[in-house]
Amino acid sequence: MDLDIREMIEKMKYRINYYNWMALVAMMLIFMSSCSKKIIPGNNIQDIKTEKANQKDEKIENFNYLFFEALKQKCLGNLKNALKYFLECEKIKPDDAVEYQISEIFTISGQEKLAVEYGEKALKKDPGNIWYYYQLANEFKMFGEWDSLIDIYERIVERFPDMIKEKIVLGDLYMQTGKAKKAKEIYIEVEKKYGKSKELEKKIIQAYLNSNEFEKAINEIRKAHVLFGEDRDFLIMKAEILDNIGKDNEAGIMYETVLEKYVDDPKVIIAMFKRYMKVKKYEEALNMLEKIISSNQISQDKKLDYMFEVINLNDQNINISNERVEKLVQQVYEGGKGNLKTQLLLADYYAKRKEYNKAMDMMKRMIEKYPLLKIGWQQLLYIAELTKDPDTIIYYAKNGIEIFKDDPLFYVYMCTGYYLKNNNEEIIHYANDGITIIKKKGVNDIEKETGISYKILLIQFYSYLGEAYRNLKQYEKSDQAFERGLKVDPENLMLLNNYSYYLSLRKEKLRKAKRMSKRTIKKEPENSTYLDTYGWVLFKMGRIKKAEKYILKAIDNGGDSSPDILEHYGDILYKKGKKDEAIKYWKMAIKKMGNKNVLEKKIESLKSE
């Protein structure tokens, strides 16, 4: 979210009103002109006026009136009335100018399909009108349709081959969507045709860098140095290349040299922040972040991005609750209180510090003010999930469904809430509804506003179904759900682990369970949960010695805090005849909030032997 929503709307209104007032003035002139023509008597006017001509004149007059009124209503901000008049115009004459205006209104109203439909209609009628291409491009950008945005610029470049700016925009879009090789071809083509420039050279070097063609990038930097002299951006890119090819020391020296030469330069400060974050020099990174936040030359949006990066770090070497980080968060917040992204940052920070009430209060206020802001609902439900309060999760997920009926994310949270309440029937109900929605939308699609992959949500639904059917002892349906999830993503570690573990508990298909579990520890050899599952499958197969090896490895990798892993190790010790040690680990499992009744029965049973 680059701009505060209110600021964005105001800017959009200003832009629309400016151009529409111009159009309105033009229409008034046309309208007055047409009226003046009607009062000038013609020599043979009675001879040429037939009934058909009268009807035609009446239609034109009616069209002109409706179009004029529609423009007036649009300028006044009465979009509903404007749309009504434009649609009446379309019935009389499906003109491309009318369709263009309708498309623009649907864009402002957020009705993507209709906006694009009318934009394409206008363009089809007049494929030589560049403004119709721009209108569609604006729609695709606004709705986050990057593939369609690239397509429209490809059509512009094909139709208007001499438009340099549009070619460069297309190259930039390729860069933003990870198509660096295509971008490079465009930049080089423009350079050959129109000559070298420093800015274009930077784009070419960046394209080589993004394509991992580091040698070519270095050569281009050498040439650019000869042509344009020393430049900060060329030096930063050279340092980045050295970093990428594993020359850490040389990269570090280059970065420090650049920092010495351009000590207060915003681009250099940002480059150094990224470098320090990469090499985990967090104190130095925070030094750079302080400069970034204090700078008037760096946008609030970028400041927020870098602050989000810090508070979402999952690294024990930085404490996000320390005084320094807190001060930086508050400083960013003070710099843009009205900005929604700024408010999301503060709420996220409170949540990371486990100050859930503060975080929830902020998000509740936000969705009350902006009920259609989906990312606000997403953040609210994420925080509610952290509190593990099922009633709060269900309450807000239900309200979200009422507003965003076809968004599967809210159905996932309904499953989460009912999972915490152990209500398996409701989990099955909402999971199946969510699956139906995703299949209609397309498994490989992404939710535009939140950026969430439907594929990931689909896997979550199948996982919840697998859990719910297992809890209901409907094992065949449970296995089917896991199998379907693995068809969507055969390498999903969560599904592989849970499916193999549940098979081991039933002592069914143990070879299959072993194969699936082994794939998880190959991918994450230090994951205590996956190591425990693999060890437990081996235990169920009677391979006690090997099972012990993996359970111990799980304990060494953080599993000493898991009651299940401690209980499993106690079971292995019992099987080996080490009764006292088994009791010791079962007691440890009780202390870690394991199933007290089951564990105490095991201990009593062992003592009575």
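Values quoted throughout were computed directly from the atomic coordinates according to the rules given, and no laboratory measurement underlies them. Fair warning: this is a prediction, and the values are worked out from it, not measured in the lab. Using ideal geometry, Cβ is built from the backbone for each residue, glycine included, and neighbour counts are taken over all protein chains shown.
Taking a ≥ b ≥ c as the square roots of the eigenvalues of the alpha-carbon gyration tensor, region 69-111 is classed oblate because a/c is 1.5 or more while a/b is no larger than b/c. Among the GluC sites (Glu not before Pro) within region 241-308, not one is in coil by DSSP while having at most 10 neighbouring Cβ atoms inside 10 Å. For the chain, the relative contact order works out to 5 percent when only alpha carbon pairs closer than 8 Å and six or more residues apart are counted. Protection proxy ranking, highest mean first, for peptides 196-204, 545-553: 545-553, 196-204, where packing is the per-residue count of other beta-carbon atoms within 10 Å, averaged. For the chain, the longest principal axis of the C-alpha atoms and the axis of helix 96-108 are separated by about 30°. The GluC sites (Glu not before Pro) of region 435-541 that DSSP puts in a loop, and whose beta carbon has at most 13 other beta carbons within 10 Å, are Glu491, Glu508, Glu526. Backbone phi angles across region 289-298, fed through the Karplus curve with coefficients 6.51, -1.76 and 1.60 (θ = phi - 60°), yield HN-Hα couplings of 5, 4, 5, 4, 5, 7, 6, 8, 9, 10 Hz in residue order; Gly and Pro are listed as x. Using a cut-off of 12 Å between beta-carbons, work out the net charge of the residues near Gln135 (Lys and Arg +1, Asp and Glu -1, Gln135 not included). Charge balance near Gln135 sits at -4. Helix-derived [θ] at 222 nm for the chain: sum -39500 (n - 2.57) over DSSP H runs of at least 4, divide by residue count, nearest 500? Value at 222 nm, helices only: -25000 deg cm²/dmol.
So which trypsin sites (Lys or Arg not before Pro) in region 364-416 end up in coil per DSSP with only 14 or fewer other C-beta atoms within 10 Å?
For trypsin sites (Lys or Arg not before Pro) across region 364-416 that sit outside H, G, I, E and B with at most 14 neighbouring Cβ atoms in 10 Å, the list reads Lys388, Lys405.
In this structure, Val279 and Glu526 have a Cβ-Cβ separation that, at R0 = 22 Å, corresponds to a calculated FRET efficiency of about 0.50.
Dipole of region 520-609, Cα-centred, from +1 at each Lys and Arg C-beta and -1 at each Asp and Glu C-beta, to the nearest 20 debye?
280
Overall form of region 71-142: oblate. Here a/c, set by the Cα gyration tensor axes a ≥ b ≥ c, is 1.5 or more, and a/b is not larger than b/c. I need the shape label for region 319-472. Rule: rounded when a/c is under 1.5, else prolate if a/b > b/c, else oblate, with a, b, c from the alpha carbon gyration tensor. In terms of gyration-tensor shape, prolate. I'd like the orientation of helix 198-210 relative to the chain: the angle between its Cα long axis and the longest Cα principal axis, in ° from 0 to 90, rounded to 10. Tilt of helix 198-210: around 30 degrees.
May I ask you to list the residues of region 442-456 whose amide nitrogen lies under 12 Å from a point 7 Å from Cα along the Cα→beta-carbon direction of Gln474? Once the point is set 7 Å along Cα→Cβ of Gln474, nothing inside region 442-456 turns out to lie under 12 Å by backbone N. Helix 596-607 and the long axis of the chain differ in direction by around 20°, with both axes built from C-alpha atoms.
Using the empirical formula 2.2 N^0.38 Å as the baseline, the Cα radius of gyration of region 237-276 reaches a ratio of 1.05. Computed from backbone phi with θ = phi - 60° and the Karplus coefficients 6.51, -1.76 and 1.60, the 3J(HN,Hα) list for region 487-500 is 5, 5, 9, x, 9, 6, 5, 4, 5, 4, 5, 5, 4, 5 Hz; x is used for glycine and proline. The string of couplings for region 212-227 from the Karplus curve (6.51, -1.76, 1.60, θ = phi - 60°) is 6, 9, 5, 5, 5, 4, 4, 4, 5, 5, 4, 4, 5, 4, 5, 6 Hz, one whole number per residue in order, with x for Gly and Pro. In units of the compact-protein estimate 2.2 N^0.38 Å, region 504-589 shows a Cα radius of gyration of 1.01.
Only Lys, Arg, Asp and Glu count, each charged at its Cβ (+1, +1, -1, -1), so figure out the dipole size of region 206-302 about its Cα centre, rounded to 20 debye.
It comes to approximately 140 debye.
Quick one: putting +1 on the C-beta of Lys and Arg, -1 on the C-beta of Asp and Glu, what dipole do you get for region 340-475 around its Cα centre, in Debye to the nearest 20?
Computed about the Cα centre, the dipole is about 260 debye.
When the chain is described by a simple charge dipole with +1 on each Lys and Arg Cβ and -1 on each Asp and Glu Cβ, the residue from Leu170, Val443, Gln135 located farthest towards its positive end is Val443.
Between the listed residues Tyr534, Ala251, Tyr262, the Cα displaced farthest toward the positive end of the dipole of the chain, a dipole computed from Cβ unit charges relative to the Cα centre, is found at Tyr534. Considering only Tyr153, Tyr85, Ala431, and ranking their Cα positions along the charge dipole of the chain that arises from unit charges at the beta-carbon of Lys, Arg, Asp and Glu, the one farthest toward the positive end is Ala431.
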